[in-house]
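Read the structure below first, then the notes.
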Amino acid sequence: MFKVKNFNDVKSFATEAKTKLVYGRNFTLVDTPGLFDSGRSLGAVNPELLRCIIECAPGPHIFLIILKVEKYTEQEEDVITKIRQYFSDDALKYAAVVFTHGDQLPEGMKIEQYAAQSEGLWELVQKCGGRCHVFDNRYWKNKKEEEYRSNTFQLAELLNTIDKIIMANRGGHYSNTVLKNIEREIQEEVKLLKLSSENMSEDEIRQQVKSIVLQKQSQNNFQFWKKVSVGVGLLAVLIFVRLYWKSNAVQVPLHTIESVREAGENALQQAAEHAIPNTFEAICNHLNALFEKIYNPFCPFE
């Protein structure tokens with residue numbers, strides 16, 4: 001139901017959600033972009049991360065961690081390390097690892113044996129309660145010679161695993177403060193929309209509300225980081241000026257320092273807005289770059 005996403009295609013880096021009847025039950029699958037792929041900037045990841053959280057609200061019943069059957073390079077090991085680091089143990093109680101490209105699995109080998117070859121990968125599977133499955137959409141669709149290498153067999157196994165996860169968690173879904181706040185906002189918007197849209201179905205209302213909440217949250221995030229950038233940028237310049245004065249051992253009366261400080265702050269504010277926008281923007285960009293190195297955007301469920 002989903003198109004294969006090309007890493008270089010910016011438009012393909014998007015979250016999608018689709019619902020389908022499978023064996024008598026409705027499943028909604030939220031297909032997220034590759035949040036752990038290297039080369040994605042914070043600006044590209046954050047909007048889709050927000051969309052993912054809104055689509056998942058009030059919380060997912062199951063996390064499916066999708067990986068490929070392949071020889072692991074340092075990059076793949078890094079992805080595994082990030083998943084183990086960013087997903088809390090509580091979230092992994094709701095998770096299963098699903099491998100694609102099952103035709104790459106050596107003959108006679110089961111997916112658990114394959115996963116056990118990598119210490120980091122095996123630790124991830126164990127944190128997911130030992131739950132792992134394998135599919136291959138190219139060769140296993142209609143293959144019936146070997147039951148294990150059949151998507152029909154693997155689908156039944158996955159659905160069985162999903163049932164076990166739901167039972168183990170007493171039918172509940174995963175949630176946290178972020179998801180609860182988003183769901184609360186969605187419910188408030190639903191009440192408002194119902195007052196003015198009597199002819200819309202529940203599903204139509206919720207879909208429209210998700211778009212409204214996404215737009216509001218995106219705007220709030222933009223305003224927040226805009227304020228942070230301005231505040232941190234001015235603070236950095238003031239610190240630099242004070243350190244410069246200190247390093248040059250300038251002896252200035254206290255009242256003069258305060259006057260200069262106040263004048264300096266006003267001048268910096270005006271300069272930031274009018275006189276030297278390029279300089280101020282460069283300072284903010286530099287600070288934001290430092291921020292991106294330490295900030296973890298891949299942790300929506302912490």
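The values are calculated or read from the model by the stated rules, or taken from the named source; none is laboratory data. The shown structure was predicted, so the numbers you read here are calculated from the model rather than taken from an experiment. Don't worry about glycine lacking a Cβ; one is built from the backbone with ideal geometry, like all the others, and counts go over all protein chains shown.
Looking at this structure, is residue 83 of a type in the set (Val, Ile, Thr), touching a strand residue (DSSP E or B) at 6+ places or on another chain (Cβ under 9 Å) and surrounded by fewer than 17 Cβ atoms within 10 Å (Cβ to Cβ)? Judged against the criteria, residue 83 is not a match.
Note on the stretch 121-138: residues that are assigned to a helix (DSSP H, G or I) and either in contact (Cβ under 8 Å) with a residue 60 or more places away in the chain or in contact with an Asp or Glu (Cβ under 6 Å, 6 or more places away or on another chain) (or both) total 0. Yes or no: residue 141 basic (Lys, Arg) and either exposed (fewer than 11 other Cβ atoms within 10 Å of the Cβ) or assigned to a helix (DSSP H, G or I) (or both)? Against the criterion (basic (Lys, Arg) and either exposed (fewer than 11 other Cβ atoms within 10 Å of the Cβ) or assigned to a helix (DSSP H, G or I) (or both)), residue 141 does not qualify.
Look through the stretch 160-169, keep the residues that are within 16 Å of residue 24 (Cβ to Cβ) and exposed (fewer than 14 other Cβ atoms within 10 Å of the Cβ), and return whichever of them is farthest from the chain's Cα centre (by Cα). My answer is 160. Considering 212, 186, 165, the condition of being among the hydrophobic types (A, V, I, L, M, F, W, C), assigned to a helix (DSSP H, G or I) and farther than 20 Å from residue 47 by Cβ is satisfied by 165 alone.
Every residue in the stretch 108-138 that is among the polar types (S, T, N, Q) and surrounded by 13 or more Cβ atoms within 10 Å (Cβ to Cβ), please.
118, 126
Looking only at the stretch 144-159, filter to residues that are not in a helix (DSSP H, G or I) and not charged (D, E, K, R); which one of those is surrounded by the most Cβ atoms within 10 Å (Cβ to Cβ)? So the residue we want is 150.
Take residue 204 and decide whether it is at pLDDT 90 or above and farther than 30 Å from residue 110 by Cβ.
For residue 204, the condition - at pLDDT 90 or above and farther than 30 Å from residue 110 by Cβ - is not met.
Scanning the stretch 13-30 turns up no residue that is loosely packed, with under 10 Cβ neighbours inside 10 Å, assigned to a loop (DSSP other than H, G, I, E, B) and at pLDDT below 65.
With the condition kept exactly as written, say whether any residue in the stretch 46-56 is modelled with pLDDT of 75 or more and either surrounded by fewer than 16 Cβ atoms within 10 Å (Cβ to Cβ) or part of a strand (DSSP E or B) (or both). No: the stretch 46-56 contains no residue that is modelled with pLDDT of 75 or more and either surrounded by fewer than 16 Cβ atoms within 10 Å (Cβ to Cβ) or part of a strand (DSSP E or B) (or both).
Checking each residue in the stretch 168-183 for being assigned to a helix (DSSP H, G or I) and within 18 Å of residue 57 (Cα to Cα) picks out 177, 178, 179, 180, 181, 182, 183.
Going by the structure shown, is residue 188 surrounded by 14 or more Cβ atoms within 10 Å (Cβ to Cβ) and either among the small types (Gly, Ala, Ser) or modelled with pLDDT of 90 or more (or both)? It is false that residue 188 is surrounded by 14 or more Cβ atoms within 10 Å (Cβ to Cβ) and either among the small types (Gly, Ala, Ser) or modelled with pLDDT of 90 or more (or both).
Look at (1) modelled with pLDDT under 85; (2) under 19 Å from residue 127 (Cα atoms); (3) more than 16 Å from the chain's Cα centre (by Cα) and you find that residue 84 fails only one, number (3).
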